Amino acid sequence: MNAGLHKDEIVGKIFSIVTCCHHDGPGLRTIINFKGCPLRCWWCHSPQSQYHIDELAYDPALCIGCFLCVRACRSSAISTDNKTIRIDRKICNLCFDCMQRCPTTALKKVGSEITIEQALEILLRDRDLFYYTGGGVTLSGGEPLFQPNFTLELMRALKLEGVHVVLETCGEVEPMIIDQASRLADLILFDVKLLDDDLHRANTGVGNGTILHNLQLATHLTNVKVRCPLVPGVNDDAVSIHGLRALCDELHIEEPELLPFNYAYIGMKKRVGHE
């Protein structure tokens, strides 16, 4: 935690809190999704989580073609295209006037600020369900440790409340942060996309040296489960899968969880403007 900040002054940027989930950890869980990530995986199933700033999302399935947003846009960033609209992201100033006029929530703001106190008020509502199902809170994203001050303080507060905490991470953070987070998490779901450094850089924008180092560090401090999204033509070959299993054997942890590729990512990327 930044020594210059009081707990009440720490603010996090999130894009959603989802309750009663039966994935991303044991039991029933509440998942808080953070905004911002150091990786740029082209297959990302949550592209709305990649950037730390607020964003404007458009869902054409909800659009009724009233075009009130066009008239509301002061920067002329929205134009019509038959029954839908087009948003020029280069000139959109994110004033969200269009969202205020949209009657169907086809236009939404992605991103909101939250304090530790506000987060706890929401996350602890289902603590009885956590107790009876062996569940808890999962910190996901994006990358929760992209906002280390907020995330670590939230983890400490949850542990003081006796809540089971799962951290999802890509591992591309400073080792000191992984060290602190590993001592607070009951379980870390550690994403490992590719073992080849050059391929990792080509597909995510960064190498995997720090990630693999942090994975090894975390396994010495808490329970770790490696997860890998299988992307066709990228890492779904036998060599990649066997290499991942060999890595887990070397670290003396259970075999990796292989996640199916999410073909919906293309539509999601278009809805939030990441072409």
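Things to note:
- Rounded D (µm²/s) - the stretch 123-275, Kirkwood Rh over Cα pairs, Stokes-Einstein at 37 °C, 0.692 mPa s: 197
- Whole-Å semi-axes of the ellipsoid equivalent to the stretch 11-73 (Cα gyration tensor, √5λ, descending): 28, 17, 13
- Relative contact order of the chain, pairs being alpha-carbon contacts under 8 Å that are 6 or more residues apart, as %: 22
- Relative to its residue count, the chain spans a Cα convex hull of 145 Å³ per residue.
- Relative contact order of the stretch 44-110, defined on C-alpha pairs under 8 angstrom at six or more residues apart (%): 42
- Segments 144-155, 218-229 sorted - mean Cβ within 10 Å per residue, highest first: 144-155, 218-229
- Equivalent ellipsoid, the stretch 58-138 (semi-axes from 5 times Cα gyration tensor eigenvalues, Å): 37, 15, 10
- Expressed as a whole percent, the proportion of Cα-Cα pairs in the stretch 40-190 lying more than 27 Å apart is 41%.
- The chain: calculated mean residue ellipticity at 222 nm from DSSP helix runs of at least 4, using -39500 (n - 2.57): -9000 deg cm²/dmol
- Considering only the stretch 6-149, percent of DSSP beta bridges that pair antiparallel, nearest 5: 75
- Counting protein heavy atoms only, the chain has 52 percent of its accessible area on carbon and sulfur, 1.4 angstrom probe.
- Relative to the longest principal axis of the Cα atoms of the chain, the long axis of helix 148-160 makes an angle of roughly 60 degrees.
- For the stretch 133-144, 3J(HN,Hα) computed residue by residue from phi via the Karplus equation (6.51, -1.76, 1.60; θ = phi - 60°) reads 10, x, x, x, 10, 10, 9, 10, x, x, 10, x Hz, glycine and proline entered as x.
- Taking amide H as placed 1.01 Å from N in the peptide plane, the amide H of Asn223 sits under 5 Å from that of Ile188, each at least 5 places away or on another chain.
- Degrees, to the nearest 10: 238-251 long Cα axis against longest axis of the chain: 50
- Rounded tilt (10° steps) of 175-184 against the dominant C-alpha axis of the chain: 80
- Solvent-accessible surface of the stretch 1-138, averaged per residue with a 1.4 angstrom probe and all protein chains in place: 55 square angstrom.
The values are calculated or read from the model by the stated rules, or taken from the named source; none is laboratory data. Computed from a predicted model, the values in this text were never measured in an experiment. Virtual Cβ from ideal backbone geometry, glycine too; neighbours counted across all protein chains shown. Side chains included, ligands, DNA and RNA excluded: accessible areas come from the protein's heavy atoms. Shrake-Rupley method; radii C 1.70, N 1.55, O 1.52, S 1.80 Å.
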